[in-house]
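The values are calculated or read from the model by the stated rules, or taken from the named source; none is laboratory data. Note that the coordinates shown come from a computational prediction; the quantities given were computed from them, not determined experimentally. Every residue, glycine as well, gets a Cβ built from its backbone with ideal geometry; the counts of neighbours run over all protein chains shown.
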Amino acid sequence: MLLSREEEKMWNGEYGPAVEKAIRVVVRVGESLGATQLVKVSHVHASGISYKNVGEPGRLFIKHLASMGARVSVFSTMNPAGMDLECWTQMGVPQEFAQAQREIVESLVKMGFHHVPTCTPYLIRRPSLGERLAWGESSAVGMANTYYGATTNREGGPLALMSAIVGRTYYAGLHLKENRVPRVRIVLDERVRRGLGDPGVAGALGYVVGEIVGDTVPLLEGARSMNFDSIRAYVAAAGATGNIALTVIEGITPGWRELLKMSDSMERVQVEWSDITRVFEQARAESPDLVFVGCPHATVSEMKMLLEVLEGCKRVRSDIEIWVSTSRNVYLEAKEIGLIERLARFGVIVVRDTCPMVSPVTARFRRVVTVSAKSLFYLPRTNGVETSLVPFNMLGEVLCGEGG
Ligand code: F3S
């Protein structure tokens, strides 16, 4: 690996043991991936923050880093924690878990991480075109590459931490233009195209595309009707069932024409409406005990869509809990316009900083209905929960009691 003079100083320990350790890890990983140099990054997003997921080894590792004086050198954000950091008692989080979770977050904040745990770092700081990042969290990585035209690989939690300390990542993978060229052309039938304004449908499409292409870069044709929330739902699901970190969406991804020109040949795959309904029908959680919105963390517009569904019911079923997970900055925005209060009138619980997949308290739910295809993939695996997916436009059929 060719290091700059500054990087050599880091390597030789001139900036202290934490920096030395961090650069050695980034270099070693980079070398194993064939990189011959490092690149500077301007924003790091670290996943692997929930105590439910990382446990004692993770807590001790992060605490140790903070206590040895590690500090971030670029703007750095963190993924959701295992609880709402303020309302964890109301959530029913055990005291011991809360203490450990707080230690993790406090250690990260001490290192200089932005204090808002969320999987939507792009809503805290918008990535710019061509900007180099080192992000964990597949749904955020998908947004950075696909929607904002920024550049990041999908980093593991500890590696992103190391990148935050040295402000660099290895120059390989999606940082190289040739690896951003699409190799599979996804063609959509008319009904799929028309449905893509609904994040539930777009998520189901991501679920299907992820299964088909694995970790190849796909080109999505005819998906211009996708809105911001649809793209979020699509990339989140495609990153879950596949390992897709970039989809070139015709008319949406910055620089899509140039990437298309670089592609000499592409396999063609047609996605039919029946492929989408297969995802909706693969599991049916009859009599759900939870309806969940907010994976990735909900935006204000998704909360408004949920409210519209609830206000359209003559009577809302009282035997189903309704949860929304979001970030605390979006929560504040929603609160200011009275949205949180209006949702609360229907019994909706809006939790911040966390989500059902990374929190221990959602283990009590057995049958979940969600509008998020990423949750459809993960909830049965992480929580052993029977989960089904519905599009937003059918949520009323689940939430409205007799008489609609
Ligand atoms: Fe975010 Fe949790 Fe989904 S971290 S993307 S809400 S699994």
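Residue-by-condition table, conditions (1) closer than 25 Å to PRO121 by Cα; (2) in the same structural domain as VAL116 (by TED's automatic domain parsing); (3) touching a Phe, Trp or Tyr at 6+ places or on another chain (Cβ under 6 Å):
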position: VAL300; (1), (2), (3): yes, no, no
position: MET305; (1), (2), (3): yes, no, yes
position: CYS313; (1), (2), (3): no, no, no
position: ILE322; (1), (2), (3): yes, no, no
position: MET357; (1), (2), (3): yes, no, yes
position: VAL361; (1), (2), (3): yes, no, no
position: LEU379; (1), (2), (3): yes, no, no
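Could you tell me whether any residue of region 188-204 is more than 16 Å from the ligand (Cβ to nearest atom), over 20 Å from PRO296 (Cα atoms), within 19 Å of the chain's Cα centre (by Cα) and not assigned by TED's automatic domain parsing to the domain that holds ALA298?
First, the residues of region 188-204 that are more than 16 Å from the ligand (Cβ to nearest atom): 188-198, 201.
Restricting the remaining residues to those that are over 20 Å from PRO296 (Cα atoms) gives 188-194.
Still in the list and also within 19 Å of the chain's Cα centre (by Cα): none.
Scanning region 188-204, I find no residue that is more than 16 Å from the ligand (Cβ to nearest atom), over 20 Å from PRO296 (Cα atoms), within 19 Å of the chain's Cα centre (by Cα) and not assigned by TED's automatic domain parsing to the domain that holds ALA298, so the answer is no.
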Practice problem: Test SER301 against the criterion of being hydroxyl-bearing (Ser, Thr, Tyr), exposed (fewer than 15 other Cβ atoms within 10 Å of the Cβ) and either modelled with pLDDT of 95 or more or away from the ligand (no atom under 15 Å from the Cβ) (or both), and give yes or no. | Solution: yes
Quiz item: So, of the residues in region 265-296 that are within 16 Å of the ligand (Cβ to nearest atom) and part of a loop (DSSP other than H, G, I, E, B), which turns out to be farthest from ARG317 (Cα to Cα)?
Solution: PRO296
Quiz prompt | Those strands (runs of 3 or more DSSP E) lying entirely in region 116-206 with at least 1 residues more than 20 Å from VAL29 (Cβ to Cβ) | solution = 184-188
Quiz item: Tally time: how many residues in region 128-166 are away from the ligand (no atom under 16 Å from the Cβ) and either among the basic types (Lys, Arg) or touching a strand residue (DSSP E or B) at 6+ places or on another chain (Cβ under 6 Å) (or both)?
Solution: 8
Exercise. Among the helices (runs of 4 or more DSSP H) lying completely within region 297-398, list those that include at least 3 residues that are touching a Ser or Thr at 6+ places or on another chain (Cβ under 8 Å).
Key: 328-336, 373-383
Quiz prompt | Selected residue (only one of SER4, SER47, SER76 is closer than 24 Å to ALA172 by Cβ and surrounded by fewer than 17 Cβ atoms within 10 Å (Cβ to Cβ)) | solution = SER4
